[in-house]
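J.: To start, I am sharing the structure in question, which I have written as structure tokens.
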Amino acid sequence: MIRVAAVGDIHLGPDSRGTLRPSFETLPDCADLLLLAGDLTRHGTPEEAEVVAAEIKDLGVPVVAVLGNHDHHDDHPDEVTAILREAGAHVLEGESVVLTCGDTKVGVAGTKGFGGGFVGRCAGEFGEPVMKEFVAYSRRRADGLREALQELAGQDCDVRVALTHFSPVPDTLAGEPLEIYPFLGSYLLAEAIDTAGADLAVHGHAHAGTEHGMTTGGVKVRNVAQPVIGRAFHVYHLRPQEGAGSAAGAASASFPAG
């Protein structure tokens, strides 16, 4: 049984230094790894990233993160990434990492993702250059996720997890105004997940959304934005089975809180 702790949208700043550390220090007792689903800072400043780094350094479990839109606001995402990596986090953007948890190999593929909407109500690569680039950017993020998941498929992972900030499905946006769905996620992310295969997809971003969702291909999706889960992190359990990580999501999964 692999215990995956996850949270997003913690939005840390100088005045929140140390607020999550006591909870995070309990992770070795209840989880095998921690996933951070973006919006780790308020405005994406290096100073805020240093606060996050102090919260996650030397926790005793691996930490894997993606950035969110807030982490890009100050236009220093590379510096934010470097600070988090120096603290020991694996920060992914169209990349993957394989972690050994006991006898189990856990692969995590990550991207920030982007918006664009969902099937039937989505933006298209047509018209003004700025609209074409909007959709093309979202497609590039999804392609990076697909390629990272496919890379994991060749590494004999027992479990594969897709980590994003933006949502791959509309299910987990329920509670948000319909008018802003196109800015909260993209069906392209779900297509990438279903094409390459995963056992669990984790995202944040939708503060007023819903925790539970599923892709068309049957991959369980969880919105772990902190305002949604209402705690420092939530723990999900994955039981590896033969053939885990296939496009059908072959790992047995249960999702109680830790």
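J.: Using modelled backbone amide H atoms (1.01 Å from N, in-plane), which distant-in-sequence or interchain residues come within less than 5 Å of Arg239's amide H?
T.: Ile2, Ser252, Ala253, Ser254
J.: Non-local amide H neighbours of Val91 (under 5 Å, H modeled in plane, Pro and chain starts lacking H): which ones?
T.: The list, which skips near neighbours in sequence, is Ala65.
J.: Report, for the stretch 2-250, the % of DSSP beta bridges that are antiparallel, rounded to 5.
T.: Of the beta bridges lying entirely in the stretch 2-250, close to 40 percent run antiparallel.
J.: Still on this structure, please answer the following. In whole Hz and in residue order, list the ³J(HN,Hα) couplings for the stretch 99-109 that follow from phi through the Karplus curve 6.51 cos²θ - 1.76 cosθ + 1.60, θ = phi - 60°; x for Gly and Pro.
T.: With the stated coefficients, the stretch 99-109 comes to 10, 9, 10, x, 9, 10, 9, 10, x, 10, 10 Hz.
J.: Related question: Which residues' amide hydrogens lie under 5 Å from the amide hydrogen of Gly38, considering only partners 5 or more residues apart or on another chain, with H built in the peptide plane?
T.: So Gly38 has HN proximity to Asp9, Val66.
J.: Moving to a separate point now. Give a residue-ordered list of calculated ³J(HN,Hα) values for the stretch 209-215 (Karplus: 6.51 cos²θ - 1.76 cosθ + 1.60, θ = phi - 60°; whole Hz; x for Gly, Pro).
T.: After applying 6.51 cos²θ - 1.76 cosθ + 1.60, I find x, 10, 5, 9, x, 7, 6 Hz.
J.: While we're looking at this one, here's another question. Could you tell me the center-to-center distance, by alpha carbons, between the stretch 10-64 and the stretch 155-202 in angstrom?
T.: That distance is 22 Å.
J.: Give me the percent of the accessible area of the stretch 2-250 that comes from carbon and sulfur atoms, probe 1.4 Å, all protein chains in place.
T.: For the stretch 2-250, the apolar C and S fraction of the accessible surface comes to 50 percent.
J.: Let me ask something additional. Using a 1.4 angstrom probe with every protein chain in place, what is the largest-first accessible-area order of Lys220, Lys112?
T.: Lys220, Lys112
J.: Please work out the average accessible area per residue across the chain, using the 1.4 Å probe convention, and give it in Å².
T.: Solvent-accessible surface per residue comes out at 41 Å².
J.: Please list, in order along the stretch 126-136, the HN-Hα scalar couplings obtained from phi with the Karplus expression 6.51 cos²θ - 1.76 cosθ + 1.60 (θ = phi - 60°), rounded to whole Hz, x for Gly and Pro.
T.: Per residue, the Karplus-derived 3J(HN,Hα) values read 8, x, 5, x, 5, 6, 4, 5, 4, 6, 4 Hz.
The values are calculated or read from the model by the stated rules, or taken from the named source; none is laboratory data. Quick caveat, the model's predicted, so the values are computed rather than measured. The area values use the complete protein model at the heavy-atom level, side chains included, leaving out ligands, DNA and RNA. Shrake-Rupley method; radii C 1.70, N 1.55, O 1.52, S 1.80 Å.
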